1. Being of a type outside the set (Phe, Trp, Tyr) and farther than 25 Å from PHE368 by Cα is the requirement here; does PRO126 meet it?
2. Restricting attention to the stretch 121-128, does a residue exist that is in contact with a Lys or Arg (Cβ under 6 Å, 6 or more places away or on another chain), free of Cβ contacts under 8 Å to residues at least 40 places away in the same chain and not polar (S, T, N, Q)?
3. Name the pairs whose Cβ atoms lie under 7 Å apart, with the first residue in the stretch 159-185 and among the small types (Gly, Ala, Ser), the second crowded, with 17+ Cβ neighbours inside 10 Å and part of a strand (DSSP E or B), and 6 or more positions between them or separate chains?
4. List the pairs whose first member sits in the stretch 208-231 and is free of Cβ contacts under 8 Å to residues at least 40 places away in the same chain and open to solvent by less than 50 Å² (accessible area, probe 1.4 Å), whose second member is assigned to a helix (DSSP H, G or I) and not acidic (Asp, Glu), and whose Cβ atoms are under 8 Å apart, counting only residues at least 6 apart or on separate chains?
5. From LYS102, LYS29, LYS61, grab the single residue that is assigned to a helix (DSSP H, G or I), within 30 Å of LEU266 (Cα to Cα) and either open to solvent by 40 Å² or more (accessible area, probe 1.4 Å) or hydrophobic (A, V, I, L, M, F, W, C) (or both).
6. Out of everything in the stretch 126-141 that is open to solvent by 20 Å² or more (accessible area, probe 1.4 Å) and out of contact with any Gly (no Cβ under 7 Å at 6 or more places or on another chain), what residue ends up being nearest to TYR55 (Cα to Cα)?
7. Considering the stretch 335-351 alone, what residues qualify as being without any contact (Cβ under 8 Å) to a residue 60 or more places away in the chain, assigned to a helix (DSSP H, G or I), open to solvent by 10 Å² or more (accessible area, probe 1.4 Å) and farther than 22 Å from ALA284 by Cα?
Amino acid sequence: MRIAFYAPMKSPLHPVPSGDRRMARLLMKAISEAGYQVDLASEFRSFDKAGDLAYQTEMRKKGCVEGDRLIAAYRAAGRRERPDAWFTYHLYHKAPDWIGPKVAKALNIPYFVAEASHAPKRKNGPWSIGYDAAEKAIASADKVFHMTRLDGECLTQIANQPEQLVYLPPFLDVNQPASPAKALEEKIKHAGGTEECLTLLTVAMMRSGDKFKSYDQLAEALDHLQGDDWQLIIVGDGPEQAKVLSLFSRHENRIVWLGELSAAELFALYEIADLYVWPASGEAYGMTFLEAGSCGLPVISCKTRGVPDVVIDQKTGVLAREGDLPQFASLIRNLLDDRALRQKLGQNAKAFVSEERSLANAASLLKFHFQDALG
């Protein structure tokens, strides 16, 4: 059976790395692991960052044209080439799905959505066109896979029945190869790092908005961090790189900049580091938290949005109150001073990702609910 996959926010083939693109690709892999052929139906992007009603109107028009094109192509194709269901990932008021509901209705196939979100405060704002479209699409879905409990609570307002909502927590393909540690240690040393300090690690794109705010909060938290036995390794790049670097200028002797790393290098770094630290301002949930945990690296973050869905407080890491940077720094200090607790949290994190947030678990859950909807 075939599943047509679509991501209106950002295509899985988008050239810029991101957690959003990463989860889209993981979902496609999980659907494949569940025994279905998954086809990327369209790369049409409906995302409107600015809240421009004229732009949204144009995107609605183009989306409908794309939907009509797909319907015609599917009808002209043989039965085996048509999708048996449609799956849309990450739709909300800024990135509505103009295509999926139209195609699913025309072909009389189930319509699934994942990581949908509902924000009533946007109903009459600058994204009102996108809001109405997203609300209608979510309400029409056969299954709505929400990836955080917070999103699930909001979605109950528009779900037609409780069984329409399915909790599919963020997951990870844990079979990730790592580079040789020795090569990475040399790279850290060349960048000014040392093996004589405990290592804090953060990995994030350097762009405006929530990412920049989190970097700003992390730099401020370091102002409150006592002791001189630590260094912070930062992995990432992006358009705001210069501004991000300036945030940490007062701690420059303790900051190690590695820029962008390959996935293999990154997973080797998770093995080397002592703590993963990231305030996660506005973070949907954070894929790097799962990546760190899969390597036995405990996390320090904040109780923000979906973070508690991937970091279990006092079990796989510790969470500060949102925006409480002195507490954030205190939690870092406590774990730097307690090696046994770091090891315990790290072991718990590795087991948690392997046993509860694996690709296999996600594939099994998707298969069960696909079969339920497909009969």
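The values are calculated or read from the model by the stated rules, or taken from the named source; none is laboratory data. Nothing here was measured: the structure is a model prediction, and the numbers come from that model. Heads up, the Cβs are rebuilt from the backbone with ideal geometry, glycines too, and the neighbour counts pull from every protein chain shown. Side chains are part of the model used for accessible areas, which takes the heavy atoms of the whole protein and leaves out ligands, DNA and RNA. Shrake-Rupley method; radii C 1.70, N 1.55, O 1.52, S 1.80 Å.
1. Details: of a type outside the set (Phe, Trp, Tyr): yes; farther than 25 Å from PHE368 by Cα: yes.
Yes: the conditions hold for PRO126.
2. No: zero hits.
3. ALA159/VAL144; ALA159/LEU165
4. Once the first residue is free of Cβ contacts under 8 Å to residues at least 40 places away in the same chain and open to solvent by less than 50 Å² (accessible area, probe 1.4 Å) and sits in the stretch 208-231, its partners that are assigned to a helix (DSSP H, G or I) and not acidic (Asp, Glu) give TYR215/VAL244; TYR215/LEU247; ALA219/LEU247; ALA219/ARG250; ALA219/HIS251; GLN231/ARG254.
5. Working: LYS102 fails: within 30 Å of LEU266 (Cα to Cα); LYS61 fails: within 30 Å of LEU266 (Cα to Cα).
After ruling out the rest, the residue left standing is LYS29.
6. Step one: of the stretch 126-141, the residues open to solvent by 20 Å² or more (accessible area, probe 1.4 Å) are 126-129, 132, 135-136, 139-140.
Next cut, out of contact with any Gly (no Cβ under 7 Å at 6 or more places or on another chain) only: 128-129, 132, 135-136, 139-140.
On the way: SER128: 12, ILE129: 10, ASP132: 15, GLU135: 19, LYS136: 20, ALA139: 24, SER140: 25 Å.
The extreme case among them is ILE129.
7. ARG339, ALA340, LEU341, GLN343, LYS344, GLN347, ASN348, ALA351
The rows are residues; the columns are (1) under 27 Å from GLY19 (Cα atoms); (2) modelled with pLDDT under 95; (3) open to solvent by 20 Å² or more (accessible area, probe 1.4 Å).
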residue	(1), (2), (3)
ALA73	no, no, yes
GLU81	no, yes, yes
ASP97	yes, no, no
VAL113	yes, no, no
LYS143	yes, no, no
